[in-house]
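Have a look at the structure below, then the notes.
Every number here is computed from the coordinates shown, using simple stated rules; none is lab data. These numbers were taken from a predicted model, which means no experiment stands behind them. Cβ sites come from the backbone with ideal geometry, for glycine too, and all protein chains shown count toward neighbours.
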């Protein structure tokens, strides 16, 4: 279970939106962009996948 103090300061690294904590499902879900962040061993994994960002390297190469 994540401490309230940690939950109070966490936000979505992708859009900076508020997060919904679901302890039974061991995940945090952004209320704005709906990105899901898993929780492993009481540690939130707050990584944003590079493949989800618009203008990825492959798209830029194709547009040239």
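Have a look at the range 1-47 and give its Rg and Dmax from the Cα atoms, expressed in angstrom.
9.5, 25
What's the exposure ranking of 15, 30, going from fewest to most Cβ atoms within 10 Å? Write down the numbers at each step before the final one.
Values: 15 14, 30 19.
Neighbour counts put them in this order, fewest first: 15, 30.
Suppose each label sits 7 Å from its Cα in the direction of the beta carbon; what would the residue 34-residue 7 distance come out to in nanometres?
Placing both labels 7 Å along Cα→Cβ, they lie 2.3 nm apart.
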